Amino acid sequence: MASKENKSALNETKHVSTSNIINSMSIQSIKQKRKVEIDADALLKSILNKSISALSRAITLIESSNPKHQNKSNYIINGCLPHANKSVRIGITGVPGVGKSTFIETLGNNLTKQGKKVAVLAVDPSSTVTKGSILGDKTRMESLAKNPNAFIRPSASGNMLGGVAKKTRETIILCEAAGFDVIIIETVGVGQSETTVACMVDFFLLLKLAGAGDELQGIKRGIIEMADVIAINKADGNNIKPAKLAKVEFNRALHYLPQKVSQWQPQVLTCSALQNEGIEEIWEAILNYFEITKANQYFNEKRNEQDKYWLMQTIENQLKANFFNSPKIKAALQEQLTLMAQHRTTAFAAANYILNL
């Protein structure tokens, strides 16, 4: 009897030992795969062949903060550039709860039915405490996420202001090279600060709610002034009448704003993304906008201005990175921080000292 128990225990020990070996081998295999050198050339070719998995990997690469990945990122972006600039870029913003995800999902599904390929770049706010993001946009756009002609990529905003992620601009180029016709950028939706997105899209759509108490905000300059269309969402059920009243208020507010250089007259429309009502009218307005701006050359002029803006931004970002990565600056910065803590210098004096180095 004891002998049988000993054999059973021995077999169990062997099973656990074998299981541990297999798990150890699996971990080693994963580590080895991670150590495999990234083939930027193969990744670029796969993107141009419309590979979604390659597109995802490339976006992860360009979002990496590892300095070793920079050259490969630049190689892929430069390789994609000749195949980019063939899509329409639409920025969509609005306060949290306005229904951005539902609106994008409905619009995206409608466009794919027309044979278009839609990429959604959803920017998620990062926590100022933990620095993390939920990145749950795919769960809010479940049907669009399953659509073979759609691609949803959530990214964390990090410390970037303006409602976009650090590499949103580069991600647009990669998506265009992968054959997407419509690029939709969903901003973090913090209210009136996401203005950077206007510098990377062709069309700016602002979603609003009726009865939210911000109708008169239309008189103020800022995000309202940049909107090409204001869409009052959730205009269904008991909200239909308030939505119509809000439409009148926003139309009045738009009259206080100067005429756009694009010669486009901003419109106020109502819709219900949940009921798929009014979405077609909004898309028609977007197409009319492109027809007008391409005819008067504003479309190309705007893209040229955007390229200049991102050239300056890229230079500034690189100069800033080089400055703070300098060992000499790091040492001086730590020294000045210590002096400040001892009240032996001020922030302004410390800044002047470091800059003069």
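No lab work stands behind these numbers, since they all come straight from the coordinates. Please read these numbers as outputs of a predicted model, since none were measured by experiment. Here the Cβ positions follow ideal geometry from the backbone for every residue, glycine too, while neighbour counts run over all protein chains shown.
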Residue-by-residue Karplus 3J(HN,Hα) for the range 313-323, coefficients 6.51, -1.76, 1.60, Hz, glycine and proline x: 5, 5, 4, 4, 5, 5, 4, 5, 5, 4, 4
Where only alpha carbons of the range 306-356 are counted, the Rg and the Dmax (Å): 14.3, 46
Ranked by how many other beta carbons lie within 10 Å on average, peptides 110-116, 351-357 from highest: 110-116, 351-357
Nitroxide proxy distance, nm - points 7 Å out along Cα→Cβ at Glu37 and Met312: 4.0 nm
Spin-label pair Asn352/Leu257, simplified geometry with 7 Å Cα→Cβ offset, distance in nm: 4.3 nm
Using a Förster distance of 25 Å, the FRET efficiency for Gln70-Ile292 (Cβ separation, nearest 0.05): 0.05
Ascending count of other beta-carbon atoms within 10 Å, so fewest first, for Leu339, Leu121, Leu311: Leu311, Leu339, Leu121
Efficiency of FRET between Glu305 and Glu142 - r from beta-carbon atoms, R0 41 angstrom, step 0.05: 0.65
Proxy reagent accessibility, fewest Cβ within 10 Å first, across Asp202, Asp41: Asp41, Asp202
Order of Tyr298, Tyr309 - criterion: other Cβ atoms within 10 Å of each residue's Cβ, fewest first: Tyr309, Tyr298
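By how many nm would the segment from Val95 to Phe324 lengthen if fully extended, with 0.36 nm per residue of separation less the alpha-carbon distance? Provide the component values of the computation, followed by the final result.
Details: separation 229, 0.36 × 229 = 82.44 nm, distance 3.46 nm.
Contour length minus Cα-Cα distance gives 79.0 nm.
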